1. Being near the ligand (Cβ under 9 Å from one of its atoms) and outside any loop (DSSP other than H, G, I, E, B): is that true of Gly160 here?
2. Restricting attention to region 171-180, and to residues there that are more than 18 Å from Phe21 (Cα to Cα) and within 13 Å of the ligand (Cβ to nearest atom), which single residue is surrounded by the fewest Cβ atoms within 10 Å (Cβ to Cβ)?
3. Pairs needed: first member in region 258-271, more than 10 Å from the ligand (Cβ to nearest atom); second member anywhere, assigned to a strand (DSSP E or B) and acidic (Asp, Glu); C-beta distance under 7 Å; at least 6 residues apart or different chains.
4. Of the numbered conditions (1) within 16 Å of the ligand (Cβ to nearest atom); (2) within 22 Å of Leu253 (Cβ to Cβ); (3) of a type outside the set (Gly, Ala, Ser); (4) more than 20 Å from the chain's Cα centre (by Cα), Val327 fails exactly one; give the number of that condition.
5. With respect to Cys395, determine if the residue is more than 30 Å from Val69 (Cα to Cα) and in contact with a Lys or Arg (Cβ under 6 Å, 6 or more places away or on another chain).
6. Condition (residue is away from the ligand (no atom under 16 Å from the Cβ), on the phi > 0 side of the Ramachandran plot and either without any contact (Cβ under 8 Å) to a residue 24 or more places away in the chain or touching a strand residue (DSSP E or B) at 6+ places or on another chain (Cβ under 8 Å) (or both)) applied to region 332-345: is it met by at least one residue?
7. Please tell me if Lys73 is surrounded by 22 or more Cβ atoms within 10 Å (Cβ to Cβ), of a type in the set (Lys, Arg) and more than 9 Å from the ligand (Cβ to nearest atom).
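The values are calculated or read from the model by the stated rules, or taken from the named source; none is laboratory data. Please read these numbers as outputs of a predicted model, since none were measured by experiment. Using ideal geometry, Cβ is built from the backbone for each residue, glycine included, and neighbour counts are taken over all protein chains shown.
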Amino acid sequence: MENRVFDAVVIGGGVVGVSVFNELISNGYTCAIIEKELDVSVGTTKANSGLIHAGFDAEPNTLKAKFNVEGNKLFPSICERLHVDLKKCGAYVVGDDEKVIDELIARGKKNGVTGLHKLNRDKLKKEVPSIADNITYALKADNAYIIDPYFYTICLAEEGVLNGGEIYFNFELNRVTKSSGVFALSNGIDTVYARNIINSTGTKYNEVADILGAEKYDIEYRRGEYYVLDHSEKDIVPSTIFPMPSKAGKGVLVTPTISGNILVGPTSYVSDDKTITTSAGLKDIATKVSNMLTNVNLSKTIRIFSGVRSIIGHDFVVEKSKLQDGVINIAGICSPGLSSAPAIAKYVFNLLGLKPKNVKLQSITPYTKLGQLSIAEKNKLIAKNSDYGKIVCKCEGISLGEIKDAINRPIRPMTMDGIKRRVRAGMGRCQGGFCNDKVAKILAKENNIFLDQVCKEKVGSNYIVGNITSKGETK
Ligand SMILES: Cc1cc2nc3c(=O)[nH]c(=O)nc-3n(C[C@H](O)[C@H](O)[C@H](O)COP(=O)(O)OP(=O)(O)OC[C@H]3O[C@@H](n4cnc5c(N)ncnc54)[C@H](O)[C@@H]3O)c2cc1C
């Protein structure tokens, strides 16, 4: 590892850390991410509702409200630059209490949110025909989007790397020293040097703050469990449908995803930071959703999963450490952290006291997405390279060519889930039952590693275990 001193090192490659990384690089500064796992977007960023909220829910005059509203406005141009799909499908908050709807609209206006409307039952029923009988009012927010949160984060990280940023994977920070204004960050084997540190480690914030000698907080974890429904259900709702919010959060919602599935969830139970699913949580979702919509068929579930929020009181913490000069603390980034990430990054840039430098950014090339091409375009591609005609993931229609392209990019995915999150091989109805073996072999071959070194996601999650490499046939 080289001995260069970065202007900043970001600890943690979630959407917030990657946004800060990209912001620094885009403004002409040197930056690296250290990430304990094998890819970006493997923490809370991989497991959420994928919504860019309009911003009416956050309490006025909080960082949450400020960052959500600013972030919402930044998403369209960033996604255009990165060739990432972002769909403005709006959102409804539904219930039987007109007063709550009025309060939400007033709060949204205070936060500077436009495009908020109150609907009565008749109007709502026309727009969402499957609304349950007990629902009498709705708030409709025009400026809400759906996005694929991990694909967005991967592309943002790729752009940073293409423009000179470094990401060190499998690098779990466990020691920091400082000498002459330069931090040395070590995982016990390698060391990275930086003038500033950004702690963006999500649920692990306190452990890392301890290592840095920075402020620690009383963090509550809340687990959110979900069902993912098959593509067959994609039209059951026109956009995101929320119940009226409660103290526990925004409640169990039903939303289309950018890739044509339906998400139902999340729960919000006080928990530890483990991403497990429970029968109690799943039952709770089933009851709540049936009070809101009449056409959600949970027997069409293809996967269940959960994500964990870190909560500190009622706001985010984004600040300069008072205990450790040169350290920025980012903690308690629960919802709407995804929506807020671009604005958090700009705020952190200002906290660092840096002035933007004029740099010309190199653009990442768009991912090839066979599913979005016409027959003529597909045929042209296949004529040039027959790998695009070899379908590996039948459920999602993903070809060998797309998987190879995804590996040979600014950040080489090393894991099966890394492929899944880039091109969706293994995301469909069979959840990889038919294509996992093929994907593992492609990964091993393209990355020139043995098959038993291919991991599902985390360090140690080897897809194949055992001494099958002795004859060399697995390479
Ligand atoms: C159920 C649920 C639903 C949500 N829905 C939405 C939504 O629809 N819209 C929205 O705006 N927000 C939503 N959120 C919030 C959003 O997902 C989070 O705010 C956001 O993902 C937080 O990103 P992060 O980068 O802070 O953390 P993470 O994504 O968790 O990233 C932290 C990274 O730090 C790494 N790390 C930890 N310790 C170390 C170490 N010692 N050394 C190196 N690396 C380390 C981890 O491996 C991880 O990759 C939701 C959250 C949940 C849980």
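1. no
2. Arg175
3. Sorted first by the residue in region 258-271, then by its partner, the pairs are Val270/Glu220.
4. Exception for Val327: condition (2).
5. yes
6. no
7. no
Listed here are the residues, each with its yes/no results for (1) in contact (Cβ under 8 Å) with a residue 40 or more places away in the chain; (2) over 16 Å from the mean Cα position of the chain (by Cα).
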{"position": "Gly112", "(1), (2)": "yes, yes"}
{"position": "His117", "(1), (2)": "no, yes"}
{"position": "Tyr150", "(1), (2)": "yes, no"}
{"position": "Ala157", "(1), (2)": "yes, no"}
{"position": "Leu162", "(1), (2)": "yes, yes"}
